[in-house]
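Visitor: Can you read through this structure? Questions will come right after.
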Amino acid sequence: MSEVRSRVECAQESVIPSLSEEALEAKFECPICLQCLDEAVLTSCGHRFCRSCIDKWLQRDSECPVDSQPLRPDRDVFPDNFTRREIQQLLRTDRPDAERDEEAGSVECSFREVGCTVSAPRGRIAEHLEKDMQHHLNLLSVAYSRLSTAQHQQQLAAKAQEAEHLWSPDPKQPSATKPEPLALVRSLYERVVVLEQRDRELDIQLAGQRRQFSAALDAATQELSLRHCGGTFVWRLPRFSATLAAMRASPSRCSEYSPGFYTAPCGYRFCARLNLSQKDHGFLALLVHLTRGDNDALLAWPFTGCISFELASGAGPRDSLRESVVTRPDLQAFHRPLGPINPKGFGYTEFVSLAELEGRFLPDDVLTVRLCVQSVK
């Protein structure tokens, strides 16, 4: 009986499945960097390039790199918005949610309802949220206190108003005449109903504010933990059997991405990718990708360091599956990402067989992945 393979012996580069050479149309490939077009532009001679690639080329040469036609940057290079939209549509289902949001354009701060007045262009709002996290938490705390105080004051005012008019006689009756008992009971009942309605409305408003505060606090806490994790990130995927079923139904299109995590507060930003191996759909691939960070311009490229991959087993740490690799500077996967995410990833394209995965690594239908990325200066 032949022995079942569990994984490949060495790590390697792997492109995002939907951006592989087989799936990527030639019109979406930049002739200079040979990658998917980033901020596509069209020249007067009919060729498409990445904006950054052709700008750098024309700084040292005045001719098209394809057909040697003269090119002037101010007159012969135009934005190709149609191709940009096609590429965005192609990438939309394959990029992590966090990276898709980076392309949404200028937005207001999500904490504007509690007092933040910042509005930033795309790509900068995330930096604002990270730098002013403590300020936002203070705004949320103040808003919550004000809401609680306002609700209490409204309740006191309503009670005071009711007490003031509780025994007021009917103005149509003489001042010395007391209201009829039945009319008084009816009036009191109506006022109780009004007070209950007001109290219910205030409870609904307060519950909504509590949910918003809790969601914002959770998001801020998660972002803080990802930035200060020191390159060690534990990724838990509940109900993974359903995810695995979706991958089997669409092996080349269905991928799972982790949130972006940092090697240091101002360091490199990575995310992990899980999908079925494109070579053998009976295996699960586990790779990491460099993603755009806040301080990429200050970092040394390509990234150099050590990366560890681990699948936690239900039997304990000794039964976990671990692999460690050292990066290679000649690989595109460790170069600075030109877009929100580097399409080239690095890791194991056949990390574990699905049979072994379902038998050892899915206790309670939860897949736990531990990644450790350490840079070496």
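The values are calculated or read from the model by the stated rules, or taken from the named source; none is laboratory data. Every value quoted in this text rests on a predicted model; they were computed, and no experiment measured them. Reconstructed Cβ throughout: ideal geometry from the backbone, glycine too, with neighbour counts over all protein chains shown.
Visitor: Checking the conditions here, which among ASN295, ASN342 is among the polar types (S, T, N, Q), under 23 Å from the mean Cα position of the chain (by Cα), surrounded by fewer than 16 Cβ atoms within 10 Å (Cβ to Cβ) and closer than 30 Å to ALA40 by Cβ?
Guide: ASN295
Visitor: Separate question: Scan segment 77-85 and give yes if some residue there is surrounded by fewer than 18 Cβ atoms within 10 Å (Cβ to Cβ), modelled with pLDDT of 80 or more and of a type in the set (Phe, Trp, Tyr), otherwise no. Show your work before the answer.
Guide: Residues of segment 77-85 surrounded by fewer than 18 Cβ atoms within 10 Å (Cβ to Cβ): 78-79, 81-85.
In the following step, the residues that additionally are modelled with pLDDT of 80 or more were identified as 78-79, 81-85.
Still in the list and also of a type in the set (Phe, Trp, Tyr): 78, 82.
Looking for residues that are surrounded by fewer than 18 Cβ atoms within 10 Å (Cβ to Cβ), modelled with pLDDT of 80 or more and of a type in the set (Phe, Trp, Tyr), one finds at least one in segment 77-85, hence yes.
Visitor: Further question on the same structure: Would it be correct to say that ALA220 is assigned to a helix (DSSP H, G or I) and either among the acidic types (Asp, Glu) or not assigned by TED's automatic domain parsing to the domain that holds PHE283 (or both)?
Guide: yes
Visitor: What number goes with the only condition from (1) assigned by TED's automatic domain parsing to the domain that holds PHE261; (2) farther than 30 Å from ASN295 by Cβ that ARG211 does not pass?
Guide: (1)
Visitor: Residues of segment 40-64 being at pLDDT below 85 and within 30 Å of GLY345 (Cβ to Cβ), which ones?
Guide: Listed by number, the residues that qualify are SER52, CYS53, LYS56, TRP57.
Here is a yes/no grid of residues against (1) assigned to a loop (DSSP other than H, G, I, E, B); (2) within 25 Å of the chain's Cα centre (by Cα):
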residue: PHE270; (1), (2): no, yes
residue: HIS281; (1), (2): yes, no
residue: LEU286; (1), (2): no, yes
residue: HIS289; (1), (2): no, yes
residue: PRO302; (1), (2): yes, yes
residue: GLY314; (1), (2): yes, no
residue: THR349; (1), (2): no, yes
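Visitor: Check segment 330-347 and report whether any residue there is more than 20 Å from GLU13 (Cβ to Cβ) and assigned to a strand (DSSP E or B).
Guide: First, the residues of segment 330-347 that are more than 20 Å from GLU13 (Cβ to Cβ): none.
No: segment 330-347 contains no residue that is more than 20 Å from GLU13 (Cβ to Cβ) and assigned to a strand (DSSP E or B).
Visitor: Which one is farthest from TYR144 (Cα to Cα) among residues in segment 184-207 that are under 45 Å from the mean Cα position of the chain (by Cα) and among the aliphatic types (A, V, I, L, M)? Don't jump to the end; show me each part of the working.
Guide: Residues of segment 184-207 under 45 Å from the mean Cα position of the chain (by Cα): 194-207.
Filter once more, keeping what is among the aliphatic types (A, V, I, L, M): 194-195, 202, 204, 206-207.
Working: VAL194: 25, LEU195: 23, LEU202: 13, ILE204: 14, LEU206: 9, ALA207: 11 Å.
This residue is VAL194.
Visitor: Oh, and also: Residues in segment 263-275 that are in contact with a helix residue (DSSP H, G or I) (Cβ under 7 Å, 6 or more places away or on another chain) and surrounded by fewer than 22 Cβ atoms within 10 Å (Cβ to Cβ): how many?
Guide: We begin by selecting, within segment 263-275, every residue in contact with a helix residue (DSSP H, G or I) (Cβ under 7 Å, 6 or more places away or on another chain); these are 265, 275.
Filter once more, so that each one left must be surrounded by fewer than 22 Cβ atoms within 10 Å (Cβ to Cβ): 265.
Result for segment 263-275: 1.
Visitor: Being farther than 13 Å from ARG269 by Cα and at pLDDT 90 or above is the filter here, so list the residues in segment 279-297 that pass it.
Guide: Those that are farther than 13 Å from ARG269 by Cα and at pLDDT 90 or above: ASP280, HIS281, GLY282, PHE283, LEU284, ALA285, LEU286, LEU287.
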